[in-house]
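Quick notes on the structure that follows.
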Amino acid sequence: MSEPRRTRPGDLALLVGRDRKRRLVRLEPGETLQTHKGVLRHDDLIDRPWGSRVVTHMGFPFLLLRPSLNDRILHLRRISQIIYPKDAGYILLKMNIGPGARVIEAGTGSGALTMVLAHAVRPDGRVYSYDVRSDMQRLARKNLRSAGLEDVVEFKLRDVAEGFDETDVDALFLDLPNPWDYLRQAHAALSSGGFFGSILPTANQVSRLLVALERASFGFIEVEEILLRPYKPVAERLRPTDQMVAHTGFLIFARSLVREEETTAASGLSEAQPAVEPEEGGSDVP
């Protein structure tokens, strides 16, 4: 069996108590962590194998674990609402975001989705994150730097009404309260058939975006909602926890379509030469 990996000074560690409360702490020599179950000395946590059980001065046990990206997101320093992991993970799958992808995000916020996107596209991909607030981007930079992902992201302090610098990107996500105002800019930045996504808290906003998408050369439009229901991991009495992560927002997805005038020009058709109507029973564009 290989030698277990050990904690080192400067490592970010996750401490989980019996009550399943979690604490994220950066290990520094000489420091201490105050918990509701007693004190943990960092010196007692450094050079310990990951996966160890450690105890406070009062004798209460904690698990010493390497944090996941999910843990980092939930403990993120924030000054705004964030996109939660249950939604962010689904966004990656729906928008086909993976290594090497070029992705635009409008609405950096505290950097939660930025972090998820950067983690997914590295090492050769790129995330372009736009926001109009410098305080948001300062905090997002710090959060990305803490996770070692800052080099994957280009932060741009700008109103996206002015348009995006990038073109032919694989995916574009608008985390803005009025995404319908920026669909022209989004369409210009996306590749043909590229992936569009947005998140909105209310049904009225969703309805307004749906109308705008249909008018802006987007197709294959979908609206979804993710509900997460945790269970208590007790074999003898398996049951849901007392609280669940329910509505955090409506997710809207679409694909960028070639505009009709572009299709007509490319095919050499004119108004005098109309395209052939589809045969009866043929499928329409969704």
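The set of residues from the stretch 47-62 being part of a strand (DSSP E or B) and exposed (fewer than 11 other Cβ atoms within 10 Å of the Cβ) comprises just one member, 53. Residue 198 meets all of the listed conditions (1) within 24 Å of residue 133 (Cα to Cα); (2) among the polar types (S, T, N, Q); (3) free of Cβ contacts under 8 Å to residues at least 40 places away in the same chain but one, namely (3). Scanning the stretch 1-20 for residues that are within 12 Å of residue 61 (Cα to Cα), surrounded by 12 or more Cβ atoms within 10 Å (Cβ to Cβ) and either of a type in the set (A, V, I, L, M, F, W, C) or free of Cβ contacts under 8 Å to residues at least 40 places away in the same chain (or both) yields 15, 16.
Taking into account only those residues within the stretch 6-29 that are of a type in the set (Lys, Arg) and in contact with a helix residue (DSSP H, G or I) (Cβ under 9 Å, 6 or more places away or on another chain), which is modelled with the highest pLDDT? The residue in question is 26.
Which of the residues belonging to the stretch 12-65 are closer than 25 Å to residue 234 by Cβ, among the basic types (Lys, Arg) and within 32 Å of the chain's Cα centre (by Cα)? Once the filter is applied, which keeps residues that are closer than 25 Å to residue 234 by Cβ, among the basic types (Lys, Arg) and within 32 Å of the chain's Cα centre (by Cα), the stretch 12-65 yields 18, 20, 21, 22, 23, 53.
Restricting attention to the stretch 21-46, the residues that are hydrophobic (A, V, I, L, M, F, W, C), exposed (fewer than 14 other Cβ atoms within 10 Å of the Cβ) and either in contact with an Asp or Glu (Cβ under 9 Å, 6 or more places away or on another chain) or part of a helix (DSSP H, G or I) (or both) add up to 0. Quick one: would you say residue 230 is in contact with a Ser or Thr (Cβ under 9 Å, 6 or more places away or on another chain), over 28 Å from residue 184 (Cβ atoms) and without any contact (Cβ under 8 Å) to a residue 40 or more places away in the chain? So residue 230 fits the description; yes. Scan the stretch 60-78 and tell me whether some residue there is within 24 Å of residue 139 (Cα to Cα), without any contact (Cβ under 8 Å) to a residue 24 or more places away in the chain and touching a Gly at 6+ places or on another chain (Cβ under 9 Å). Taking every residue of the stretch 60-78 in turn, at least one turns out to be within 24 Å of residue 139 (Cα to Cα), without any contact (Cβ under 8 Å) to a residue 24 or more places away in the chain and touching a Gly at 6+ places or on another chain (Cβ under 9 Å). Residues that are out of contact with any strand residue (DSSP E or B) (no Cβ under 9 Å at 6 or more places or on another chain) and under 18 Å from residue 119 (Cβ atoms) were ranked within the stretch 150-185; the one that is surrounded by the fewest Cβ atoms within 10 Å (Cβ to Cβ) is 151.
If we scan the stretch 164-179, do we find a residue that is over 20 Å from residue 252 (Cβ atoms), out of contact with any helix residue (DSSP H, G or I) (no Cβ under 6 Å at 6 or more places or on another chain) and small (Gly, Ala, Ser)? Scanning the stretch 164-179 turns up no residue that is over 20 Å from residue 252 (Cβ atoms), out of contact with any helix residue (DSSP H, G or I) (no Cβ under 6 Å at 6 or more places or on another chain) and small (Gly, Ala, Ser).
The values are calculated or read from the model by the stated rules, or taken from the named source; none is laboratory data. Here the structure is a predicted model, which means the values were calculated and not measured. Ideal geometry is used to build each Cβ from the backbone, glycine not excepted, and the neighbour counts take in all protein chains shown.
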